[in-house]
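Okay, structure first, notes after.
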Amino acid sequence: MVKSSSAVSNTEYLRGQILELAEKNGFVEPHYKTILDYTINNLQSSGLGEEYYGYHNIDHLLEVPFCALLVGGSNKIPNLSQDDLKYLFVSAIFHDFEPDKSTDKPNEENVLRNLQIDSILKELMLDAGVDFEIIKVLIHRTTYPWAGQLKQNAEIAIKKCFDASEITRDRPEKQEHYMWLGWILSMIDRTASYVLGDFSKAMHVAKMNSHALAWHPDVLVQRSVTYFEEMTRNESKMHDMVLNCLPDEMQKNFKTSVQKFTELRNEELQIKNDFEDKNLKFAVKMESPKTKKTSEFANTLHNMYLELPKPLRFNETNFINSLNDPKTILTTLRLNDKNGDVIGFAKGGPLENYILRSEINDENFGKRNTVFLEPIALKMGYWGLGAGHELRQSFLMQSHTMNFNFLTSFAFRDVIEKRTQSMEKAKFVFKFDPERWDYYRIEL
């Protein structure tokens, strides 16, 4: 199980674990370390390091070769040679090499184009004694979903690779073998981030994936359940083989997370049914400074706040104190009536109270005329029932009564696009790629 210490970043820890496993598996030549470090440095310098908030971040890129070495070095897969493990390992390092990405979801063609034009990496692959055409085959096979037009396009590209390689040209048995090896890599790619931690890690990964794909939060659990079902049912033989090669703790992590996502989905459906049957309703409450000061209330909000993805937690070190700030605007959503359990909140305050991304140069900063709305926090299970909209509208009303002229916040690009055409007349202030999680302004 991968853990990061307080003194060592997760990237450094994973790098150390990979190099240790690589040596254990016989990959002692210095070019393997050079390949790994070159890839890490390239992505970090392109803004895709630990601060990048997307599923396909630097951690995921390292988790895949780590698990590839665990799986391939387990000696539990028949017909997997040392040469196969080398191809698996090198392909795993390169499988998401996309420093110029425009969206989080990998584009295999772009990944391979980056590898093709990088003379240093091509030289390192020669040093490692791997055929670049075979590396390309394995990376193409990680295309997801492996169905429809995506699959057809990948198969056409793979055929060209097989024809170009002396290892596989006119050798169907070799082609079949490397397709099988690519399938192993694909399964490792889709499970690695979910085996290297408990359910809280799995939920964090799911939220990153959801955020990167601009899914509305109400479909996160449903689509996660579908994602796992596709693997465990439609690809059960390959899934079971790969999972069984991992340590018991990692197998348990994956199975527990699948079970908990299923339980969460059942809870969501029950909440939706209760809401539709009018067995529960929502009440919006504008909180007074006196209420905000109670420790029980603050802890309730803080726990919900910590469920937000880390890049969406503004003023994290000052969250509790900010509740006592008279300039903080806070609206809560409660169950059934205004004294009911808190299930969500919208919070914000003067723009000057926040340190935003360095790329943002807001012309209103310092004018004391703009309120910043933090991302809305809502308990899992209550998204998709209009709760977020109610919280936001209440926050807008409070901001208006406090004589702010503008409101700024972050939202998905397509959401802002719709608001530019609505009564709000939203305007983009700064766009961020590949996240497409942009900073916008509306006039109150």
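Quick notes on this one:
- In summary, the stretch 1-137 shows an alpha-carbon radius of gyration equal to 1.01 times the 2.2 N^0.38 Å reference for compact globular proteins.
- Between the helical axis of 30-45 and the longest alpha-carbon principal axis of the chain there is an angle of about 30 degrees.
- Listed residue pairs exceeding 31 Å between alpha carbons, taken from 252/281; 252/379; 76/201; 76/101: 252/281; 76/101
- Using C-alpha pairs below 8 Å separated by at least 6 residues, the relative contact order for the stretch 307-424 is 25 percent.
- Mean projected area of the convex hull spanned by the Cα atoms of the stretch 142-271, taken over all viewing directions: 9.3 nm².
- For the chain, with +1 on Lys and Arg beta carbons and -1 on Asp and Glu, the positive-most of 377, 56, 439 along the dipole: 377
- Each distinct pair of alpha carbons in the stretch 232-294 adds a 1/r term; the inverse of their mean, the Kirkwood radius, is 15.9 Å.
- Choice from 136, 159, 101 showing the highest fluctuation, given a GNM over the chain with Cα pairs closer than 10 Å: 159
- Spin-label pair residue 83/residue 256, simplified geometry with 7 Å Cα→Cβ offset, distance in nm: 4.2 nm
- Across 406, 345, the residue with the most accessible area heads the list, and the full order at a 1.4 Å probe is 406, 345.
- The residue list 129, 19, 430 was ranked by how far each Cα lies along the charge dipole of the chain toward its positive end, using unit charges on Cβ atoms, and 430 comes out on top.
- Computed FRET value (nearest 0.05) for residue 219 with residue 320, which takes r as the C-beta separation and R₀ as 35 Å: 0.65
- Under 13 Å, Cβ to Cβ, from residue 270 - net charge with Lys/Arg +1 and Asp/Glu -1: -4
- Summarised in one figure, the compactness ratio Rg/Rh of the stretch 298-346, Cα atoms and Kirkwood Rh, is 0.97.
- The distance between label points at residue 274 and residue 163 comes to 6.1 nm (points 7 Å beyond Cα on the Cα→Cβ vector).
- Prolate/oblate/rounded call for the stretch 83-186, Cα gyration tensor, a/c under 1.5 rounded: oblate
- Beyond 19 Å, the tail of the calculated P(r) for the stretch 354-429 holds 43 percent of the Cα pairs.
- The relative contact order of the stretch 94-171, computed from alpha carbon pairs under 8 Å that lie at least 6 residues apart in sequence, is 24 percent.
The values are calculated or read from the model by the stated rules, or taken from the named source; none is laboratory data. Keep in mind that what you see is a predicted model, and the values were worked out from it rather than measured. Positions of Cβ are backbone-derived with ideal geometry, glycine not excepted, and every protein chain shown enters the neighbour counts. Only protein heavy atoms, including side chains, enter the accessible area calculation; ligands, DNA and RNA are left aside. Shrake-Rupley method; radii C 1.70, N 1.55, O 1.52, S 1.80 Å.
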